[in-house]
Every structure is written in C-alpha cells, then in structure tokens.
Amino acid sequence: MKPWRPILFTGLLCLWMFLMPAGACGEGISRMLLVGCDHFLTQEDTAPSSRNNVEQMEAVLSAGSVQPARVISAPDGIPGSDALKSLILEAFQDAQEGDTSYFYISTHGLWEEAEPNASMTLLLSDGREEGGITARQLFDCLETVPGRKILIVDACHSGAMIGKGELTSFRHLFEGGDYRIICSSGACEDSWFWSGQNAGDVRISGGGYFSSAMALGLSESTGHAADRNRDGSVTLSEIKQYMLEMHGASTVYTYPEEDDEPVFTYVPDPGKDLTVPVGNIAFEESLLSGDHPEISFSFTVYQTIRLAYQIVEQQGGHWDFANARIMYDTSEMYGAFGDAAGYLMPGFKERSIQLSSDSPEGGYVLFQMVVSRENQLSIAASKVICVPPAQGDPHMRLRVDADVRLGEGQEIGMVIFHESPMEYDVVLEDLDGNVQGRICSRRISRPQQTPETASTLSWNGCFADGSPAAEGTYRFRVRGYINGQMYQTYSEPFAVQW
C-alpha cells in the first residue's frame, strides 16, 4: 500500500471486504477470518487503516440477517506465516463441503514484474516481528479447507495472485471451482492508504477509497447500489462492475471472470429511505475530448453537506495526489450558508465540470467527490476519466495467452498494448472474418502501471448471454478509437478447447 497526502486531506486505497450472511448462497455454514496489519519493520506503517477495515468488516457482517458460525479477527497484526496458518486452521477447522470460508486481509503486498505469480507475498507483522506468506503458501494452506473459499486481498500488487494486471503469465494457483477472489489492484499497481489525522477541525480517521466504495455499494444506506438488477443478490461480476465505475485509484480484478454466483444477499425493501449523505451518483461519460472537455454527472443529496471535487492527474505512471486540485461546489453559494462554497441543500443535483489534460499525448484524470459532514471527510465517488490525444495512431498490438483448456477454471488472457489512452472494442472472429461474439464494447482504457502501456483482459470462453464459444480456431479483433478515428489490429489464431 502506498500513502498520499493532498492539501485538503489525506486519503487511502485499501480494500473493503464484501461479505454475505451465512446461508445466503446455499444451506451451508459460513465462517470468517479477518487480518489487518498496520505496524511494520521494513515498510511504512498504515495505522489505523487496516484495523479500521477489519472492524468495519465485522460491523458489516453483524448487520446481516444470519450470523456466520465463527468469526476470528486479528486487527492488530500477526508476526508471520506460521501464525496465519494457525488462524486459518482454527477459523475453518470444521468446514464441510457446501460451507463457505471467507478470508480477508489488509496489508502491504510485495511482487515484481516477471516473478512467478506464486511468489507474490503478503507482508505479515505485529510491529515486533515481521514475516510474510506467499501465494503458494496461502494456497497450500487453504487447499486443506473443504468447501467454497472467498478471498478478499487488500494489498499492493494483489492481482498477481490471480494472474491479473500483468503482461507475462495469466496462470495462477487458485484456478478451480472452489475459489472466488477479489483483489484491490492489478499485479503492477499500488494501493493507497491514509493513516488518520486531524486537519484543523476536520477528523480523518483512516480508511480507504476502495473500502468506502465497497461499503457504499453493499450498504443498506445506498439501497445496495452494487446490485444492478435489484434482485436481492450481489454477484462477483456486479461488484467488479460497480467498483470499476465508482472507484478509480486502482483497477479491481476478480476471479473468475463474469461470475454470476451470489456473494452477498439481502431482502429488497423499495420503500426504505436512503440514509447516505449523497447517493444515486451517475456519470454520463468517462471519456473527454477536445470537442467534449466536460464531465457531466448527477447525484442526490439527502442531508445538508459540504461537497468538493478533487482532481488528480497522472505523473510518471502514478497518481499525483501530492498536487491534487480541490474545487468546492459553488452552485448554491449565497443561500442559507452565506458565501461559503461547497454547502448543498438536500435534493437532486446535476453538474458539468470542465476538465483538461495538458499533455498532447493525452492522459488520465482521477475525479473524486469529497463529502464533509459533521467534521468528517469521506469519498462519495472516485472516477477514472480517460483523455485520449487529439489525434494519432495508438500503435496497438495484441498478445494472447490461449494455451488453456476452458471449463476447468482457466481463462484466456489478453494484453492490448497501446501507446495512448483510448476507447476500444474486442470481438471474437473465425478465420474467415465472421464475428462469433463480442468480448467487450466501447471500453475505456485506464492506467494499470504496467511496464509498457497496456490494457489486460481475461475471457472465460462465454459470451454476454452466457453461451460458450464452440471449439475451434479463432482470433481476437480489437478496434481502438481516438477522437472519432478508428484503428484495428488482430491477434494470432488460437484454439478454443473445452
């Protein structure tokens, strides 16, 4: 995890765990282990961020209609891999087939490009002793636990555990039907934390961008905003889509792709009032151009708040939080709060804000809605805005890792190399050029901190309607769009096998 400290306040990207009540996805029993490490010997302390995350997780679970059979929490760290293995065995000792075991961890993550995925290391420390556990060691321990395992990993480079967000190998240890995994960042990406402090009269308690977004998406206070079809269950694919829309500081990756198994359930109550200060946030676009330099969005204010917009640009491949710009919402100045900027009364709001990037090659902007209420700051939304260059060929090329047999938990990995930000489509074609199905449509590229500028995707062999591709030889076609100009490239032929 990495720190950042803007002028107005300090913020974090840390993972917030999503949980379902026991029995929410079947008749089995649920158990949970939560670990948070804040004090380290070789890395920067993150206190009290991980502790707060663990405590919030317990609060989320306790709000469920059915409690898990066992909850073990270690919010103040553990000294090493032996201690973690002992906790895993204790927490899940009587798990059976049909049960669900949740493991959540918030800590520093260590990994470097070209290292094996299995060597990705989660740092473990209690401030006096420090060790670590590799993905291989964690997998070996969890393999002894029967039933379904849900892993929620909050750490820098956590995507390496599942072969996501990197350019070399997409294979990983956790392939198979027993695992559901969500990672706070790609293999090459940092996560960001705030450690908690007082800034004048404003209290910042320590927490996370990711955790805030996840909590809001699953919370009753927002009407469970992550549940796109409002059917009372939130799937892994719904969570991923929600987080990609509302959380911008890193890229969320999940395994398996497009998984529609419920991981969180609730009883829908359409008549229940929303209690979040700001909700129903909707962005009209994620792409800026010279002809359209504005970002338009809408939201509903439920309680009187003070609202500001934070603009963070990319510098050297990283978010430049230290030079973030703050703009207060001035639309309702000179009203009930005199000439104080940022104060908004309850009601539905629509806004358009002009953004720009000074780079002729284009770039990315992180746009955040910052809410101040009762002297506490929170992030209501965090959105990546793509700014393509005015013109120019992105010089795309494709790498496909297709030496897999689908249907056994494996996925086909793809890297789209492109020299500038862009919008893109991916379709599957046969060798005669006939389109067999669409993988994604008008997706916006986003920074992933890879050594070469690229977008990484994984495909499970099924189309949007759930139908599988027939066995045969195919190729991917990618079309990139930059300010109305279309460019395309093809992958080498590969075989789809089941």
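Just for the stretch 278-301: of the residues that are of a type outside the set (A, V, I, L, M, F, W, C) and in contact with a helix residue (DSSP H, G or I) (Cβ under 9 Å, 6 or more places away or on another chain), which one is surrounded by the fewest Cβ atoms within 10 Å (Cβ to Cβ)?
Filtering first and then ranking leaves ASN280.
Can you run down the residue pairs with Cβ atoms below 8 Å, 6 or more apart or on separate chains, where the first is in the stretch 74-91 and among the basic types (Lys, Arg) and the partner is in a helix (DSSP H, G or I) and modelled with pLDDT of 95 or more?
LYS85/GLN137; LYS85/CYS141
Say whether the condition of being at pLDDT below 95, within 26 Å of the chain's Cα centre (by Cα), surrounded by 20 or more Cβ atoms within 10 Å (Cβ to Cβ) and closer than 30 Å to SER49 by Cβ is met by at least one residue in the stretch 322-343.
Yes: one or more hits.
Being over 19 Å from GLU361 (Cβ atoms), in a strand (DSSP E or B) and β-branched (Val, Ile, Thr) is the filter here; which residues of the stretch 286-330 pass it?
Once the filter is applied, which keeps residues that are over 19 Å from GLU361 (Cβ atoms), in a strand (DSSP E or B) and β-branched (Val, Ile, Thr), the stretch 286-330 yields ILE295, THR300, VAL301, ILE305, ILE326.
Just to verify a result, which residue in the stretch 149-169, among those that are in a strand (DSSP E or B) and out of contact with any Asp or Glu (no Cβ under 6 Å at 6 or more places or on another chain), is modelled with the highest pLDDT?
Here the answer is LEU151.
Look through LEU122, LEU89, LEU167, LEU110 and report the one residue that is surrounded by fewer than 21 Cβ atoms within 10 Å (Cβ to Cβ) and touching a helix residue (DSSP H, G or I) at 6+ places or on another chain (Cβ under 8 Å).
So the residue among LEU122, LEU89, LEU167, LEU110 that is surrounded by fewer than 21 Cβ atoms within 10 Å (Cβ to Cβ) and touching a helix residue (DSSP H, G or I) at 6+ places or on another chain (Cβ under 8 Å) is LEU89.
So in the stretch 149-179, with the set limited to residues that are touching a Lys or Arg at 6+ places or on another chain (Cβ under 7 Å) and of a type outside the set (Asp, Glu), which one is nearest to VAL35 (Cα to Cα)?
For the stretch 149-179, the residue satisfying everything is ILE150.
Name, by its number, the condition in (1) in a helix (DSSP H, G or I); (2) crowded, with 19+ Cβ neighbours inside 10 Å; (3) of a type outside the set (A, V, I, L, M) that does not hold for PHE139.
With respect to (1) in a helix (DSSP H, G or I); (2) crowded, with 19+ Cβ neighbours inside 10 Å; (3) of a type outside the set (A, V, I, L, M), PHE139 is out only on (2).
Would you mention how many residues in the stretch 446-496 are of a type in the set (Val, Ile, Thr) and assigned to a loop (DSSP other than H, G, I, E, B)?
Going through the stretch 446-496 one residue at a time, the tally reaches 2.
Considering only the stretch 361-410, how many residues are among the aromatic types (Phe, Trp, Tyr) and over 25 Å from TYR302 (Cα atoms)? Don't jump to the end; show me each part of the working.
As a first pass, look at the stretch 361-410 and keep what is among the aromatic types (Phe, Trp, Tyr): 364, 367.
Narrowing further to those that are over 25 Å from TYR302 (Cα atoms): 364.
The number of residues fulfilling the criteria is 1.
Among the candidates ARG399, ARG443, which residue alone is without any contact (Cβ under 8 Å) to a residue 24 or more places away in the chain and either in a strand (DSSP E or B) or in contact with a Ser or Thr (Cβ under 8 Å, 6 or more places away or on another chain) (or both)? Break it down into steps so the answer makes sense when it comes.
Numbers: ARG399 fails: without any contact (Cβ under 8 Å) to a residue 24 or more places away in the chain.
Within the list ARG399, ARG443, the selection yields ARG443.
Select from the stretch 170-193 the residues that are part of a loop (DSSP other than H, G, I, E, B), surrounded by 20 or more Cβ atoms within 10 Å (Cβ to Cβ) and of a type in the set (D, E, K, R) and list them in ascending order.
The answer is GLU189, ASP190.
Check the stretch 104-117 and report whether any residue there is small (Gly, Ala, Ser), in contact (Cβ under 8 Å) with a residue 60 or more places away in the chain and assigned by TED's automatic domain parsing to the domain that holds TRP192.
Yes, there is a match, as at least one residue in the stretch 104-117 is small (Gly, Ala, Ser), in contact (Cβ under 8 Å) with a residue 60 or more places away in the chain and assigned by TED's automatic domain parsing to the domain that holds TRP192.
Hey, any hits in the stretch 32-41 for a residue that's surrounded by fewer than 17 Cβ atoms within 10 Å (Cβ to Cβ) and modelled with pLDDT of 90 or more?
First, pick out the residues of the stretch 32-41 that are surrounded by fewer than 17 Cβ atoms within 10 Å (Cβ to Cβ): 41.
Now drop any that are not modelled with pLDDT of 90 or more, which leaves 41.
Yes: the stretch 32-41 contains one or more residues that are surrounded by fewer than 17 Cβ atoms within 10 Å (Cβ to Cβ) and modelled with pLDDT of 90 or more.
Does VAL404 satisfy the condition of being at pLDDT below 95 and either of a type in the set (Phe, Trp, Tyr) or not assigned by TED's automatic domain parsing to the domain that holds ILE305 (or both)?
Details: at pLDDT below 95: yes; either of a type in the set (Phe, Trp, Tyr) or not assigned by TED's automatic domain parsing to the domain that holds ILE305 (or both): yes.
Here the answer is yes, as VAL404 does meet what is asked.
Condition check: out of contact with any Asp or Glu (no Cβ under 8 Å at 6 or more places or on another chain) and buried (at least 18 other Cβ atoms within 10 Å of the Cβ). Does ALA402 satisfy that?
When the stated conditions are applied, ALA402 passes them.
The values are calculated or read from the model by the stated rules, or taken from the named source; none is laboratory data. Quick caveat, the model's predicted, so the values are computed rather than measured. Because the Cβ atoms are built from the backbone with ideal geometry, glycine has one as well, and the counts that use them run over all protein chains shown.
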